[in-house]
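The values are calculated or read from the model by the stated rules, or taken from the named source; none is laboratory data. Computed from a predicted structure; not experimentally measured. A quick note on method: Cβ atoms are made from the backbone with ideal geometry, for glycine too, and the neighbour counts reach across all protein chains shown.
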Amino acid sequence: MDAFYASVEQRDNPQLRGKPVIVAWQSKRSVVCAASYEARSCGVRSAMPAMQAERLCPTAIFLPPDFPRYRDVSRGVREIFKRHTDLIEPLSLDEAYLDVTENKTGLATATLVARTIREQIRGELSLTASAGVAPNKFLAKLASDWRKPDGLFVIQPEEIDAFLLPLPVGRLPGVGKVTGEKLVKLGASTVRDLRTLDLPTLEQHFARYAQRLHELALGIDESPVIPDRPTKSISVEDTFERDVLLTETEVMIRRLGEKLWFASRKESRVARTVVLKLKTSDFKILTRSHTASSSPSSCEQLIDIALKLRERVDLGPRQRYRLVGVGLSNFCEPDDVAAQPVLFE
């Protein structure tokens, strides 16, 4: 879905159409949940601090997120998917993989299925969606971003190399800033370069991820579309520019808690366990967790729990830390939460 939360707001309020809309709590510690394409033209992006977004786009209209409404619209999109296939793997409220090798409507090609789904979403929900069609999930994901918004991009099997080889390695899933820098040092700034590195060389530098890197460079992804894959956990973490004392971690914990809360709102299930992760300056990892009978009801409650978990860390006042993370786990259906007992205090 294109700029999903912001597009729903613009659809439901005609006065917002054509204007820069940012879905976020407007406070010093908030992050952007979604931005309309009018706001994106100013450089605003999801997960950006709301204050930065306001500086980049001072004329933007800020709206607090309405996740129950977004979930309701997402269910409508899912119902359209179900007309075509039962093999649907949701990634979030606004994104999913579909295996249409065999489709219910008897359409001749995956491209026709994608085109039909997009037309039905537009006609029935007054929203736009972008689709990527490819032989596997990895390539389909790349293709879905290729002509946003309101786009359709197809990668035929014989076109994989022409599409993939010129791409920067940073476009490959799992290749973040650190991995990308390592690859560039090895002389691999594009997928074409990456193909020249043999598997033993990759294993020397990337251990278990080497095999995956090797396969991605070849356009190989054997992972199936798994319907209703349950979420086990979600987490966010960041490394400090310099090692810090425990008392100096609050700002980062608050920022990560905000990002985690935003990410958790994309899930249809709720989490009962909050986890705090810390890595010391000598790379020792420690975690603290809290499981309650109900999930955190607000962003502030989530952050408050994470900060209280920090109080259970006692490695001495001089201990310094290089990384902090906040996570959610123990996901279950919303109706089941109240019935669950407390596991830890």
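The helices (runs of 4 or more DSSP H) falling completely within region 1-95 that include 3 or more residues that are modelled with pLDDT of 90 or more and more than 18 Å from S130 (Cα to Cα) map to 50-56. Just one of the listed residues (L87, L98, L91) is assigned by TED's automatic domain parsing to the domain that holds R122 and touching a Ser or Thr at 6+ places or on another chain (Cβ under 7 Å), namely L98.
In region 252-332, counting only strands (runs of 3 or more DSSP E) that sit wholly within it, the ones holding 3 or more residues that are under 30 Å from R78 (Cα atoms) and of a type in the set (A, V, I, L, M) span 270-280.
Restricting attention to region 292-326, the residues being crowded, with 18+ Cβ neighbours inside 10 Å, under 16 Å from S235 (Cα atoms) and free of Cβ contacts under 8 Å to residues at least 60 places away in the same chain number 7.
For region 292-345, give me each residue that is aromatic (F, W, Y) and either at pLDDT 90 or above or farther than 26 Å from D228 by Cα (or both).
Hits for region 292-345 are Y321, F344.
Regarding T59, is this residue outside the structural domain of F153 (by TED's automatic domain parsing), more than 18 Å from D2 (Cβ to Cβ) and of a type in the set (V, I, T)? Taking the combined requirement at face value, the residue satisfies it.
Here is the figure for region 230-257: residues that are of a type in the set (G, A, S), modelled with pLDDT of 90 or more and loosely packed, with under 14 Cβ neighbours inside 10 Å total 0. Among the residues of region 140-190, those identified as more than 24 Å from A207 (Cβ to Cβ) and of a type in the set (V, I, T) are V154, I155, I160.
Kindly check whether there is at least one residue in region 194-212 that is under 22 Å from the mean Cα position of the chain (by Cα), in a helix (DSSP H, G or I) and either surrounded by fewer than 16 Cβ atoms within 10 Å (Cβ to Cβ) or of a type outside the set (K, R) (or both).
Pass one, region 194-212, residues under 22 Å from the mean Cα position of the chain (by Cα): 209, 212.
Adding the requirement that they be in a helix (DSSP H, G or I) leaves 209, 212.
Now drop any that are not either surrounded by fewer than 16 Cβ atoms within 10 Å (Cβ to Cβ) or of a type outside the set (K, R) (or both), which leaves 209.
Yes: one or more hits.
Here K137 clears all of (1) closer than 30 Å to W25 by Cα; (2) within 17 Å of the chain's Cα centre (by Cα) except the condition numbered (1).
Scan region 215-243 for residues that are over 30 Å from Y321 (Cα atoms) and not in a loop (DSSP other than H, G, I, E, B) and the total you get is 3. When region 83-97 is limited to residues that are out of contact with any strand residue (DSSP E or B) (no Cβ under 8 Å at 6 or more places or on another chain) and closer than 18 Å to D72 by Cα, the one that is surrounded by the fewest Cβ atoms within 10 Å (Cβ to Cβ) turns out to be R83.
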